[in-house]
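Inspection log for the structure reproduced underneath, given as structure tokens.
Every read-out reported here was derived from the displayed coordinates using simple, explicitly stated rules and does not represent laboratory data. A quick note: this is a predicted structure, and the numbers were derived from the prediction, not measured. We place every Cβ from the backbone using ideal geometry, glycine too, and count neighbours over all the protein chains shown.
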Amino acid sequence: MPRRSSRLEAKRQPQIAPQPKPKTIQREAEVEQCEKNKWTSRGLLQKFAKEAPLDIMLEIFTYLQIQDLLHLTRTSKELRGMFLSRSCLQIWRAAIKNSDLPPSPEDMCEPEYASLAFDSRCAVCGYGPCENIAWECRIRCHKTCARKYLYCQDLLRKLPTWSEGVQEMVQQDVIRFIPRVRTAKEYAIIGRYRWIDKGNANFFIPKVFNSYRLEFLEVKGDPEELKKWCKQKGDEYEKLRTHDIQCRIWHTKFKAQRERENAQERHEKRKDQILSRLVTLGWDAQDLQRPQIMQHPLINRSKVLTDEEWSWIESTLVEFVQNENVRRGHGA
């Protein structure tokens, strides 16, 4: 018979603690859950796009703004394929019309045109923001990038590989038909469509300029063909320039409207920040909403409030609110 100590040892069940879950696995599970939550709304949109009747889907999406369409197009491959299909062409046309943007030119599809008008990245360096749009060339381009990477007229004459034909194009005034990137104040509009060049501030896209140069070399030996070619390019450029002017006018109005909206947003944010700080000092929020207080020059401005500025204006505003409350009490 085994000893008592041996029997107790045999009956004793070892208490093994569960292995802790590795932190890396926990972290991966948390990330996976976050991704699921992040993609939930996107998945619903994809499901709607696949299952909804086409006429209903088109009717709904025609009320979207161009910026919304561009964002949705870049959301996933499925949505990109759907919005870039010909069946959704009327959606883009409706969005362009709703934004008061001039109609899409013949040489661009609607999504490309929308991207040119509302995206903010430079086509040369890829960085943004970039507000300089060369509507003639159909690109956005920083002025510094234009001077650095594009070719001005004087440089084109000096290129060994392109020397043939450039001087003749300048002499015969063919170069004026070529789309270009115009930099600051290089031209002015007098009357309706009269243009005045100011200095050598026109820059050409190498690929575009070279295609014109090669076409010119093919027809320059035949006066009749050259005349016909110049007439064709001149008519094309007139349409291009007319559309360019329309787009520039629209872009000026668009930027002004955007600046007004941004200024209003900054004004509301500043007002809320000042009210919050005054309430923290003990003032009643309802009393502070009176027009006499809200119209104070230090409050009624479109400038984001900083801690440094608040340290300067705090005593002035507190004194003003105190005096306003005293005046209101006497008036009552």
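Taking amide hydrogens as placed 1.01 Å from N in the peptide plane, the amide H of Ile139 sits under 5 Å from those of Ala134, each at least 5 positions away in sequence or on another chain. Near Gln292, once Lys and Arg are set to +1 and Asp and Glu to -1 for all other residues with Cβ below 9 Å from its Cβ, the sum equals +2. For the pair Gln167 and Lys97, label points projected 7 Å from Cα toward Cβ lie 5.4 nm apart.
Extension gain, Ser76 to His251, is 60.1 nm, computed as 0.36 nm per intervening residue step minus the present C-alpha separation. Listed from fewest to most Cβ neighbours within 10 Å, the set Met169, Met294 follows the order Met294, Met169. Applying 0.36 nm per residue to the separation of Leu226 and Asp272 and subtracting their alpha-carbon distance, the gain on full extension is 9.8 nm. Once the chain from Arg328 to Lys239 is taken as fully extended at 0.36 nm per residue, the excess over their C-alpha distance is 25.6 nm. Summing +1 for each Lys or Arg and -1 for each Asp or Glu among the other residues whose beta-carbon sits under 14 angstrom from that of Thr62 gives -2.
Model label sites at Leu155 and Gln67, defined 7 Å from Cα along the beta-carbon direction, differ in position by 3.4 nm.
Between Phe118 and Val318, what is the FRET efficiency for a Förster distance of 51 Å, r being their Cβ-Cβ separation, to the nearest 0.05? According to the calculation, E is roughly 0.70. The magnitude of the dipole of the stretch 89-186, with charges of +1 and -1 set on the Cβ of Lys/Arg and Asp/Glu and taken from the Cα centre, is near 400 debye. Going by neighbour counts of Cβ atoms within 10 Å, the residues Glu110, Glu314, Glu259 line up, fewest first, as Glu259, Glu314, Glu110.
Counting only residues at least eight positions apart within a chain, or on another chain, the aspartates and glutamates with an alpha carbon under 12 Å from that of Lys97 are Glu110. If r is the Cβ-Cβ distance from Leu281 to Ser85 and R0 is 41 Å, what FRET efficiency results, to the nearest 0.05? Taking R0 as 41 Å, the efficiency between Leu281 and Ser85 is 0.10.
One Cα centroid belongs to the stretch 80-106, the other to the stretch 249-298; the line between them spans 36 Å. The amide H of Tyr151, built 1.01 Å from its N in the peptide plane, has Phe204 as neighbours under 5 Å, considering only residues 5 or more places off or on other chains. In terms of distances greater than 32 angstrom between alpha carbons, the cross-link table entries Lys207/Lys227; Lys158/Lys227; Lys148/Lys233; Lys77/Lys271; Lys77/Lys233 yield Lys77/Lys271; Lys77/Lys233. Each Lys and Arg Cβ is given +1 and each Asp and Glu Cβ -1; about its Cα centre, the stretch 214-332 then shows a dipole of about 380 debye.
Converting phi to 3J(HN,Hα) with the Karplus coefficients 6.51, -1.76 and 1.60 and the offset θ = phi - 60°, the stretch 300-309 yields 7, 8, 9, 9, 5, 7, 10, 4, 5, 5 Hz in sequence order, with x at every glycine or proline.
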